[in-house]
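Taking it in order: structure first as structure tokens, then the write-up.
Every number here is computed from the coordinates shown, using simple stated rules; none is lab data. All values reported here derive from a predicted model rather than from experimental measurement. Cβ sites come from the backbone with ideal geometry, for glycine too, and all protein chains shown count toward neighbours.
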Amino acid sequence: MLLAHSTWPEIEARIARSRAIVIPIGSNEQHGPTGLLGTDWMCPEIIAHAAHDKGDLIVGPTFNIGMAQHHLGFPGSISLRPSTMIAALRDWSVSLAGHGFDRIYFLNGHGGNVATIEAAFSEIYSESSWRAERRGFALKLRNWWDLPGVGKLCERLYPQGHGSHATPSEIAVTQFAYPQSIKAANYAPQIAPTGPIREALDFRARYPDGRMGSDPGLATPEAGGQIVALAVDGLIGDMRSFEAEPTP
Ligand code: NI
């Protein structure tokens, strides 16, 4: 079930039988000349929304703005500072935990979020007042491309030109879900350069069209469908084990 499409009595009843929730989390940032700005929040949302019925999961609203300061040289990118994002993640988590969700699983779509999400977990765990009466509260972070089997499938689909930003696998997932928004461009070079990630002006100078090491021209909606199908099963299995972890 989707939290946003539910009522509070439905959520109250749900918590009585399951205390686990999935929050898709990503970023709104440039994804090269053909990738959608929403790619990094769309991918985890697409997977979680496809999984919720099949896996009897509850999926919360998508946390769709992340830590993307290095993309701010490109129009349409929106970023939270790490400190802002940590504060927001703390408030989301404490709100949900206060109602009884004590297993909160973040399905992430943006590598640049990882350090900040982990810091937020430490920040949340360091508080004790709101969780003193209940042990077993746990937060989990999983990148969608790390779900069981997904990384291997992406390697098989794209042995060359996968890269690390505006990758054909993430573009394929959005093409599968939003075929009406597929874009085309002539990439030059076909496979983008690689290098470090620093501040926004440096990023734009190193990666003029926004891609890193990738050839998004390899993406197809069919491949996106394969990736989503595998990721859905991975997410359902991952949530089952997270939910079933015994309270120590
Ligand atoms: Ni991305």
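Quick one: angle between helix 114-125 and the longest Cα principal axis of the chain, in degrees between 0 and 90, rounded to 10, please.
Compared with the principal axis, the helix lies near 10 degrees.
Would you compute the Debye intensity of the chain from its alpha-carbon atoms alone, equal scatterers and no solvent, and pass along log10 I(q)/I(0) at q = 0.11, 0.13, 0.16 Å⁻¹ to two decimals?
Summing over Cα pairs of the chain leads to -0.58, -0.80, -1.15.
Taking the dipole about the Cα centre of the chain, with the C-beta of Lys and Arg at +1 and of Asp and Glu at -1, give me whichever of 42, 119, 11 is farthest to the positive side.
Result: 119, furthest along the dipole toward the positive end.
Provide 101, 242 in ascending order of the number of other Cβ atoms located within 10 Å of each residue's Cβ, fewest first. Mind dumping the intermediate values first?
Numbers: 101 23, 242 17.
The order, fewest Cβ neighbours first, is 242, 101.
Using only the C-alpha atoms of segment 81-150, find the volume of their convex hull and express it per residue in Å³.
Working: hull volume 6.0 nm³, N = 70.
Given the Cα convex hull of segment 81-150, per-residue volume reads 86 Å³.
So if I take the alpha carbon set of segment 1-132, get Rg, then get Rh from the Kirkwood formula, what is the Rg over Rh ratio? Could you put the intermediate results ahead of the total?
On the way: Rg = 15.4 Å, Rh = 15.5 Å.
We get a ratio of 1.00 for segment 1-132.
Before anything else, pin down the relative contact order of segment 3-244: Cα pairs under 8 Å, at least 6 apart, normalised by residue count, whole percent. List each step's numbers first, then the result.
Working: 454 pairs, mean separation 59.6, N = 242.
Here the relative contact order equals 25 percent.
Putting +1 on Lys and Arg Cβ atoms and -1 on Asp and Glu Cβ atoms, find which of 174, 160, 136 reaches farthest to the positive end of the dipole of the chain.
Farthest along the dipole direction, towards plus: 136.
How far is helix 82-98 tilted off the main Cα axis of the chain, in degrees rounded to 10, range 0 to 90?
For helix 82-98, the angle is close to 30 degrees.
Per-residue ellipticity at 222 nm for the chain, helices alone: DSSP H runs ≥ 4 residues times -39500 (n - 2.57), over residue total, nearest 500 deg cm²/dmol?
Working: 8 runs with 105 residues, N = 248.
Dividing the helical sum by the residues of the chain leaves -13500 deg cm²/dmol.
Can you list, bin by bin at 10 Å, the percent of alpha carbon pairs in segment 91-231, starting at 0?
Each 10 Å bin holds this share of Cα pairs: 10, 31, 28, 20, 10, 1.
Looking at the chain as a GNM with Cα springs under 10 Å, which of 39, 116, 84 has the largest mean-square fluctuation?
84
If you stretched the chain out fully between residue 241 and residue 10, how much longer would it get, using 0.36 nm times the residue separation minus the C-alpha to C-alpha distance? Write down the numbers at each step before the final one.
Values: separation 231, 0.36 × 231 = 83.16 nm, distance 2.37 nm.
Result: 80.8 nm gained on full extension.
Kindly work out what percent of the DSSP beta bridges joining two residues of segment 3-244 are antiparallel, to the nearest 5.
Values: 3 of 17 bridges.
Once the DSSP bridges in segment 3-244 are tallied, antiparallel ones form about 20 percent.
Can you put 236, 58 in order of Cβ neighbours within 10 angstrom, beginning with the fewest?
236, 58
I'd like the antiparallel share, as a percent to the nearest 5, of DSSP beta bridges with both residues in segment 17-160.
On the way: 2 of 16 bridges.
Of those bridges, close to 10 percent are antiparallel.
What does the extension gain come out to for residue 115 and residue 87, with contour length at 0.36 nm per residue minus their alpha carbon separation? Walk me through the numbers on the way to the answer.
On the way: separation 28, 0.36 × 28 = 10.08 nm, distance 1.41 nm.
Length difference between fully extended and current span is 8.7 nm.
Place a +1 charge on the Cβ of each Lys and Arg in the chain and a -1 charge on the Cβ of each Asp and Glu, then give the dipole magnitude about the Cα centre in debye, rounded to the nearest 20. Each step should come with its number before you reach the end.
Working: 20 positive and 25 negative charges, 31 e Å.
Rounded to the nearest 20 debye, it is 140 debye.
Looking at segment 61-114 from every direction and averaging, what is the projected area of its Cα convex hull in nm²? Show your work: numbers first, answer last.
Working: hull surface 16.4 nm².
It is 4.1 nm².
May I ask you to derive the FRET efficiency for residue 200 and residue 160 from their Cβ-Cβ distance with R0 = 30 Å, giving the value to the nearest 0.05? Present the calculation step by step, with values, prior to reporting the outcome.
Details: r = 28 Å, r/R0 = 0.95.
E(calc), rounded to 0.05, equals 0.60.
Using the basic label-point model (7 angstrom from Cα toward the beta carbon), what is the residue 182 to residue 56 distance in nanometres?
With each label point 7 Å from Cα toward Cβ, the separation is 3.7 nm.
Quick one: 6, 93, 214, 83, fewest Cβ neighbours within 10 Å first, how do they rank? Each step should come with its number before you reach the end.
Details: 6 14, 93 24, 214 29, 83 11.
Going from sparsest to densest Cβ surroundings: 83, 6, 93, 214.
Roughly what angle does helix 221-244 make with the longest principal axis of the chain, taking Cα atoms, 0 to 90 degrees, to the nearest 10?
The angle comes out at about 20 degrees.
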